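The values are calculated or read from the model by the stated rules, or taken from the named source; none is laboratory data. No experiment lies behind these values; they were computed from the predicted model shown. Cβ placement follows ideal geometry from the backbone for every residue including glycine, while neighbour counts extend to all protein chains displayed. Surface areas here come from the heavy atoms of the whole protein model, side chains and all, with no ligands, DNA or RNA. Shrake-Rupley method; radii C 1.70, N 1.55, O 1.52, S 1.80 Å.
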Amino acid sequence: MKVQRAGEEEQQAQSKKALKKQQKEAEKAAKKAEKQAKLAAEQQETDEDDFAKDRYGICPMVQSQQKLDRALVRVQDLTPEKAEQQIWVRARIHTSRAKGKQCFLVLRHQQFTVQALLAVGDRASKQMVKFAANLTKESIIDVEAVVKKVEQKIESCSQQDVELHVERVFVISQSEARLPLQLEDAVRPEGEGDEEGRATVNQDTRLDNRVIDLRTTTSQAIFRLQSGVCQLFRDTLINKGFVEIQTPKIISAASEGGANVFTVSYFKTSAYLAQSPQLYKQMCICADFDKVFCVGPVFRAEDSNTHRHLTEFVGLDIEMAFNYHYHEVIDSITDTMVQIFKGLRDRFQTEIQTVNKQYSSEPFKFLEPTLRLEYKEAVAMLKAAGVEMGDEEDLSTPNEKLLGRLVKEKYDTDFYVLDKYPLAVRPFYTMPDPNNPKYSNSYDMFMRGEEILSGAQRVHDAQLLTERATHHGIDLEKIKAYIDSFRYGAPPHAGGGIGLERVTMLYLGLHNVRQTSMFPRDPKRLTP
C-alpha cells in the first residue's frame with residue numbers, strides 16, 4: 001500500500017510540474033505574440049510615418065548583380081574645394097554618437113577620417129537617424145552627402161576643414177557588434193592610456209586579431225611606407241643598371257653552412273628553406289649579370305625571441321661585380337639607402353606623421369656621402385666610453401646601440417657603415433684584408449644603432465674558398481656546388497642583405513619588428 005501511495009504522490013508531483021511548465025510556456029508564447037504584435041504595429045506606424053524609408057537600409061549582398069555608373073569619392077579627397085558638392089562615399093563607421101535628433105558619425109577609409117552628420121529634417125526622418133545611430137562600428141556603408149565647409153577645425157579627424165551632411169545611407173557589409181579590440185584603444189599613444197586609466201592593446205591581442213589591427217591609421221601608415229621602401233629600392237637599383245632576379249627558397253644544403261635552417265621533407269629526402277639567396281646571387285655574378293638584386297622571403301630557424309628577430313622576413317639582397325675595390329659596392333649600396341631615405345622623407349610625410357602621433361621619435365638623420373668608420377675606430381670609441389672589449393671581438397647588441405649613440409653625438413647621423421670587421425667573426429666566404437690577415441673586406445650598415453645590413457667582398461677563387469671552408473670546419477662535400485661555381489672564371493664581387501622589416505622599424509623609430517611585419521613569424525607564432 002505504502003509503495004502504491006508513494007507512486008501516486010510522485011505522479012501528482014510530476015503532473016504539477018508538467019502543469020507549471022505548460023503554464024510557463026503559455027505565458028512565454030503570449031508575451032512573444034504580444035511583443036511581435038507591438039513590433040508589427042510599430043513597424044506599420046514607422047512605414048506610414050517614414051517619408052525617408054527609401055533613403056536608408058541594408059543593401060543586398062554585392063554579388064556583382066549590376067554595374068552602377070556612380071563615382072565614389074575617397075575620404076582623403078574630401079577637401080574644401082569640394083564644398084557644396086553632392087557626392088557618394090564608401091567608408092567604415094569609425095565611431096557614432098547620437099544626440100537628440102542628430103547623429104554624428106566618423107567615417108574612415110584607410111588612414112583618413114571625416115565627420116558626417118545626419119539630422120532630422122526634410123531629407124532625413126527620425127527613423128533614418130535612429131537607423132544610422134544603431135549601425136555597428138566597422139560596418140562598411142555607402143553615403144550620399146553634401147560636402148560642407150566647417151567654421152571650426154574638426155581636430156579628431158584627418159579631414160579637418162569639411163564635414164558631410166548625409167542624405168542617404170546604405171549598409172554594404174555589416175560588422176558584428178562585439179569587436180575583439182577597439183580601434184581607438186589600438187592607436188592610443190604609449191603611456192597615455194596608463195595615466196588616464198584607459199585601455200591600450202597589448203601586442204599578442206593585436207597579432208591574434210591582425211585583420212582589425214591592420215585597419216588602424218598607424219598600421220595603414222606603416223605598411224604603406226614599407227611598400228614605399230620596396231618600390232624605392234627597386235627603382236633606384238634598376239636606374240643603376242641592376243637586374244632583378246628570383247632565387248629558389250627550397251635548397252639542398254644550408255645556404256650559409258650553418259645549423260639555423262628549417263628542414264622540410266622533399267619526396268624521399270630532406271631539403272632546407274633558404275637562409276639567404278647568397279649562393280644564387282653569386283652564381284648570377286659568375287654568369288655575367290654584373291649587378292643583381294632580389295626581394296623575397298628569408299628563413300632563419302633561430303630560437304630568438306627578441307624585438308628584432310623573426311623566423312621569416314623579407315630580404316632585400318644585392319650582389320655586384322666591381323672593377324678594382326669593394327668600396328665601389330659599398331658606395332652603390334649606401335647611395336641606394338640614401339635614395340630610399342630621401343624618397344620616404346619627400347613622399348611619405350603623411351604616413352610618418354601618422355605613426356609619430358602614436359609612437360613619437362626623432363626624424364631620421366643621414367649624411368651625404370654616408371659616414372664610413374673602420375672597425376678599429378669603433379672599438380676605440382667604445383673603449384673611450386668605458387667598454388672593455390678585445391680588438392677582434394664581435395660587437396654585442398648593447399655595444400652596437402651604444403656605438404650608435406656615440407656616432408650620433410659626434411657625427412649627427414643615424415645611418416653609417418662599419419668597415420673592416422675582424423676575419424674571425426665573419427663567415428668562411430669573406431675575403432681577408434690583403435694588408436692585415438686579422439681583418440676582412442667586410443662591412444655592416446646601421447640605422448639608429450642597429451644592424452640592418454651585413455655584407456662583404458666574397459672569396460671568388462675556388463682554391464682560397466676551399467681553404468677558408470676547411471679552416472671553419474665545414475664539410476666540403478656539402479658546399480661542393482657552391483665552390484664549383486667559381487672554377488670557371490669569376491669576377492671580383494661583393495654584396496649584402498637588408499631586412500625590410502628592420503629598415504621600416506628603425507626608420508620610423510619603432511621598438512619591435514613585429515609592428516612592421518604584416519603577419520609576423522617568430523618561434524612562438526605561426527598564426528594568423
So Ala18 ticks every box in (1) assigned to a loop (DSSP other than H, G, I, E, B); (2) without any contact (Cβ under 8 Å) to a residue 24 or more places away in the chain; (3) open to solvent by less than 60 Å² (accessible area, probe 1.4 Å) but one. Which box is left unticked?
(1)
Do any residues in the range 136-150 that are in a strand (DSSP E or B) have Cβ atoms under 6 Å from those of residues that are among the basic types (Lys, Arg), where the two are at least six apart or on different chains, and which pairs are they?
Ile140/Arg92; Asp142/Arg90; Glu144/Arg168; Val147/Lys82
Return yes or no: is Lys478 over 27 Å from Asp335 (Cα atoms) and either touching a strand residue (DSSP E or B) at 6+ places or on another chain (Cβ under 7 Å) or in contact (Cβ under 8 Å) with a residue 60 or more places away in the chain (or both)?
yes
Strands (runs of 3 or more DSSP E) wholly inside the range 242-361 that include at least 3 residues being within 28 Å of the chain's Cα centre (by Cα):
291-299, 312-321
Please go through the range 298-311 and pick out each residue that is surrounded by fewer than 20 Cβ atoms within 10 Å (Cβ to Cβ) and within 25 Å of Thr236 (Cβ to Cβ).
Arg308
In this structure, does Ile330 turn out to be of a type in the set (Val, Ile, Thr), more than 24 Å from Thr504 (Cβ to Cβ) and touching an Asp or Glu at 6+ places or on another chain (Cβ under 8 Å)?
no
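From the list Glu184, Glu167, Glu190, Glu176, which residue is open to solvent by 30 Å² or more (accessible area, probe 1.4 Å), farther than 18 Å from Lys137 by Cα and in contact (Cβ under 8 Å) with a residue 12 or more places away in the chain?
So the residue among Glu184, Glu167, Glu190, Glu176 that is open to solvent by 30 Å² or more (accessible area, probe 1.4 Å), farther than 18 Å from Lys137 by Cα and in contact (Cβ under 8 Å) with a residue 12 or more places away in the chain is Glu190.
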Among residues belonging to the range 383-404 that are within 27 Å of the chain's Cα centre (by Cα) and surrounded by 12 or more Cβ atoms within 10 Å (Cβ to Cβ), point out the one that is farthest from Thr306 (Cα to Cα).
Gly404
All positions within the range 318-342 that are open to solvent by 10 Å² or more (accessible area, probe 1.4 Å) and closer than 30 Å to Gln111 by Cβ
Gln339, Lys342
Regarding Glu388, is this residue in a loop (DSSP other than H, G, I, E, B), without any contact (Cβ under 8 Å) to a residue 12 or more places away in the chain and farther than 25 Å from Leu465 by Cβ?
yes
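Quick check on the range 222-229. Is at least one of its residues surrounded by 15 or more Cβ atoms within 10 Å (Cβ to Cβ), assigned by the TED database to the domain that holds Thr504 and touching a Pro at 6+ places or on another chain (Cβ under 8 Å)?
No.
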Where residues in the range 441-475 are polar (S, T, N, Q) and touching a residue at least 60 places away in the same chain (Cβ under 8 Å), which of them is farthest from Thr397 (Cα to Cα)?
Gln457
Could you list all residues from the range 230-262 that are polar (S, T, N, Q) and either buried (at least 18 other Cβ atoms within 10 Å of the Cβ) or at pLDDT 95 or above (or both)?
Gln231, Thr236, Asn239, Gln246, Thr247, Ser255
Could you tell me which numbered condition Gln110 fails, if it satisfies all but one of (1) over 34 Å from the mean Cα position of the chain (by Cα); (2) at positive phi?
(1)
Can we say Glu244 is in contact with a Lys or Arg (Cβ under 8 Å, 6 or more places away or on another chain) and either hydrophobic (A, V, I, L, M, F, W, C) or in the same structural domain as Ala490 (by the TED database) (or both)?
yes
